[in-house]
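Accompanying notes for the structure given below.
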Amino acid sequence: MLKVVDLRKSFNNIEVLKGISFEVKEGEIGVVLGKSGAGKTTLIRCINGLETFDSGEIIVDNIEIRNSDDMKNMRGQIGMVFQNFNLFPHMTVLENITEAPIKVLGKSRKEAEKIAIDLLRKVDLEDKKDDYPFQLSGGQQQRVAIARSCALMPKVLCFDEPTSALDKENISKIQEIIRRFKDNGMAILIISHDIAFSKEMADKIIYIKEGILVDEKDIDLN
Ligand SMILES: Nc1ncnc2c1ncn2[C@@H]1O[C@H](COP(=O)(O)OP(=O)(O)O)[C@@H](O)[C@H]1O
Ligand SMILES: [Mg+2]
């Protein structure tokens, strides 16, 4: 479903991704594990089209992405849940989720709301649809962000450090919810520096150190 081939990216002549290749299949969770500065956020931003890359390929559902034009055609195929959730503060939970289906996919409000309610049920937040983000806990905001990303029905869902702002209880909740989407056949890519979380969730762990893939034994997260 998601395939990354020899991806390279430099900032100011310093190469931060030095040829990264891996694959995450349908219904699989891939975790990219590495310490701070390893290049994880850059990698996920390239995959999401938020950052250009210098060479290599990103293949989603057999469609190859090499440049920003290819990226435009991919809109909606890759969902992203940001570290700080990035919800629209002036919109209710329901409006946060229906915004993109209406504006990007041209769905009617009624149709978009039906999709949103189904998704809110899936993240166990059906009763919060009329709340504003500030009325929700961090864990709840994150689940709204997941519902919002999934409203465009992406093939691949990406998370940047999903556990970094959560306590233990919310970590198990997010694990449960991510598994629900996996079981529905989505390919999931999680960026993390949390070994316990990664080992519990991953079908496949991709270890990254200073912009290259390494073996488990060569990784040092301390
Ligand atoms: N926009 C940027 N401009 C210059 N350097 C950057 C930029 N973004 C990231 N970097 C550098 O790339 C390296 C990898 O960063 P990042 O991908 O954020 O790592 P991680 O998410 O694993 O902590 C770091 O050395 C960082 O300083
Ligand atoms: Mg990061």
Exercise for the section: Considering every residue within the stretch 27-48, establish whether at least one is modelled with pLDDT under 95, more than 16 Å from ligand 1 (Cβ to nearest atom) and surrounded by 15 or more Cβ atoms within 10 Å (Cβ to Cβ). Expected result: no
Exercise for the section: Working only within the stretch 1-28, note down all residues that are of a type outside the set (Asp, Glu) and either outside the structural domain of residue 64 (by TED's automatic domain parsing) or part of a loop (DSSP other than H, G, I, E, B) (or both). Expected result: 1, 12, 13, 25, 27
Practice task
Identify all residues within the stretch 1-18 that are more than 15 Å from ligand 1 (Cβ to nearest atom) and not acidic (Asp, Glu); write none if there are none.
Solution key: 1, 2, 3, 5
Problem - Within the stretch 52-127, strands (runs of 3 or more DSSP E) holding 1 or more residues that are within 13 Å of residue 149 (Cβ to Cβ) - result: 78-81
Practice task
Answer yes or no as to whether residue 80 is touching a helix residue (DSSP H, G or I) at 6+ places or on another chain (Cβ under 8 Å) and of a type in the set (A, V, I, L, M).
Solution key: yes
Exercise for the section: For residue 209, indicate whether it is among the basic types (Lys, Arg) and either closer than 16 Å to residue 85 by Cα or within 16 Å of ligand 2 (Cβ to nearest atom) (or both). Expected result: yes
Fill in the blank from the handout: The number of residues in the stretch 8-26 that are away from ligand 2 (no atom under 16 Å from the Cβ) and closer than 26 Å to residue 217 by Cβ is 9
Exercise for the section: Would you be able to tell me the number of residues in the stretch 10-22 that are in contact (Cβ under 8 Å) with a residue 60 or more places away in the chain and not β-branched (Val, Ile, Thr)? Expected result: 6
Exercise for the section: Give the residue, chosen from 94, 125, 119, 105, that is of a type outside the set (Asp, Glu) and in contact with a Cys (Cβ under 8 Å, 6 or more places away or on another chain). Expected result: 119
Problem - Of all residues making up the stretch 84-108, the number that are surrounded by fewer than 16 Cβ atoms within 10 Å (Cβ to Cβ) and either of a type outside the set (D, E, K, R) or touching a residue at least 24 places away in the same chain (Cβ under 8 Å) (or both) - result: 10
Fill in the blank from the handout: Residues of the stretch 29-51 being part of a loop (DSSP other than H, G, I, E, B) and in contact with a strand residue (DSSP E or B) (Cβ under 6 Å, 6 or more places away or on another chain), in sequence order, are 34, 38, 39, 48
Exercise for the section: From the list 123, 104, pick out the single residue that is in contact with a Gly (Cβ under 7 Å, 6 or more places away or on another chain) and not assigned by TED's automatic domain parsing to the domain that holds residue 197. Expected result: 104
Problem - Any helices (runs of 4 or more DSSP H) falling wholly within the stretch 131-222 and containing at least 3 residues that are at pLDDT 95 or above and touching a helix residue (DSSP H, G or I) at 6+ places or on another chain (Cβ under 6 Å) - result: 138-150
Exercise for the section: Filter the stretch 27-49 down to residues that are under 17 Å from residue 149 (Cβ atoms) and either more than 16 Å from ligand 2 (Cβ to nearest atom) or touching a residue at least 12 places away in the same chain (Cβ under 8 Å) (or both), then give me how many there are. Expected result: 7
Practice task
Could you please let me know if residue 66 is within 16 Å of ligand 2 (Cβ to nearest atom), more than 21 Å from residue 176 (Cβ to Cβ) and basic (Lys, Arg)?
Solution key: no
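The values are calculated or read from the model by the stated rules, or taken from the named source; none is laboratory data. Predicted model only: the values in this text are computed from it and were never measured. Note: ideal-geometry Cβ built from the backbone for every residue, glycine included; neighbour counts use all protein chains shown.
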